Amino acid sequence: MSDSNNTKNKGVLYVVATPIGNREDITLRALNILRDVDLIAAEDTRKTGSLLAHYQIKNRLISFHEHNEKKRTPEMIGKLLDGISIALVSNAGTPSISDPGYRLIEAAIANKITVSPIPGVSAATAAMSVSALPTDSFVFIGFLPRKKAKRQQFLNELAVEPRPVIFYESPKRILTLLEEIISCMGNRPAVLAREMTKLHEEFIRGSVSEILKTLKSRAEIKGECTLLIAGFEGKEELNSEIITTEIQAALEKQQIRLSEIAKLIAQKYGLSKNKVYEIALKVKSQTPED
């Protein structure tokens with residue numbers, strides 16, 4: 001196919017954004033590209049096939065997902081070098097944004113193949129636009145590491161990030177993530193977006209603990225989740241004397257464990273439990289034994 005950005009004798013790699021839910025959330029340009037390219041590399045050929053059928057588009061499909069991306073990339077590069085134009089699509093949203101595609105795009109650029117974005121919907125920006133959190137600057141994390149230690153390390157580092165933070169998470173792990181955020185980052189204002197653009201679209205707003213309580217009351221949680229957390233506002237410095245005083249008072253009562261004291265104070269002031277616990281350890285070490 002012809003394109004003003006094409007280079008002689010080489011195909012073009014089009015990175016095509018597709019709907020995250022509602023099938024009407026796709027651009028006219030994206031539909032034209034999907035109709036005209038020589039090949040569509042899809043994360044799931046069945047899902048993409050369903051989208052194409054909806055718009056009466058017939059084209060060649062090949063699977064390209066996280067499990068075969070490394071192996072299939074050289075094959076795709078070979079086709080592009082031979083003049084075949086390819087549209088890269090994921091199951092939903094924009095490819096390579098927490099989806100397969102990075103390796104192919106990197107290899108295409110290394111081989112001086114034109115890579116052209118066909119922009120459209122993204123769950124991160126869709127959720128951010130209606131979050132009522134500051135939108136001039138934010139941090140996109142996507143999916144956190146599966147291993148608990150690495151995940152908590154990430155969250156501890158984000159505890160002092162002043163910009164809103166965006167996470168992606170599956171419904172199976174969202175409760176664990178919310179609990180870990182309270183522990184590592186504090187009980188901050190947040191928004192959970194679920195089933196965006198679909199029939200049962202939902203936005204749950206409130207503190208992280210309030211969102212956690214809402215989800216725990218349900219028999220089942222469905223739909224991929226986009227979670228937005230308010231940035232750190234420097235409350236720990238402002239409340240350091242108050243925190244120390246409260247810890248000392250709680251230690252005098254000697255009714256609960258130090259970790260529980262840290263948890264309660266962190267929730268009260270919207271702080272990181274781990275950081276409050278560090279202060280509590282120092283306070284306890286400086287408190288004379290009876």
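Only the coordinates and a few stated rules stand behind these numbers; no lab work does. Computed from a predicted model, the values in this text were never measured in an experiment. All Cβ positions, glycine included, derive from the backbone under ideal geometry; neighbour counts span all protein chains shown.
Things to note:
- Farthest toward positive dipole pole in the stretch 101-152 [+1 Lys/Arg, -1 Asp/Glu at C-beta], among ALA149, PRO134, ALA123: ALA149
- By the count of neighbouring beta-carbon atoms within 10 Å, fewest first, MET76, MET185, MET128 end up ordered MET128, MET76, MET185.
- Percent of Cα-Cα distances greater than 16 Å, calculated over the stretch 100-189: 65 percent
- Cα-Cα pairs of the stretch 13-121 separated by more than 25 Å (percent): 11 percent
- Positive minus negative residues near SER259 (Lys, Arg vs Asp, Glu; Cβ under 12 Å): +2
- Normalised by 2.2 N^0.38 Å, where N is the number of residues, the C-alpha radius of gyration of the stretch 235-286 stands at 0.98.
- Residues whose amide H falls under 5 Å from that of GLY206, counting only those 5 or more places apart or on a different chain, are ALA190, with hydrogens built in the peptide plane.
- For the stretch 74-88, 3J(HN,Hα) computed residue by residue from phi via the Karplus equation (6.51, -1.76, 1.60; θ = phi - 60°) reads x, 5, 5, 5, x, 5, 5, 5, 7, x, 7, 8, 10, 9, 9 Hz, glycine and proline entered as x.
- Total charge dipole magnitude, the chain, about the Cα centre, Cβ charges on Lys, Arg, Asp, Glu only, Debye to nearest 20: 840 debye
- Fraction of the pair-distance distribution of the stretch 165-208 above 17 Å, Cα-Cα pairs, percent: 32 percent
- Gyration tensor verdict on the stretch 175-251 (Cα atoms; rounded if a/c is under 1.5, prolate if a/b is larger than b/c, oblate otherwise): prolate
- The lysines within cross-link reach of LYS148, meaning a Cα-to-Cα straight distance under 24 Å and a gap of 8 or more places when in the same chain, are LYS172, LYS213, LYS216, LYS222, LYS263, LYS273, LYS275.
- At q = 0.07, 0.15 Å⁻¹, base-10 log of I(q)/I(0) for the chain (Debye sum, equal scatterers on each alpha carbon): -0.37, -1.09
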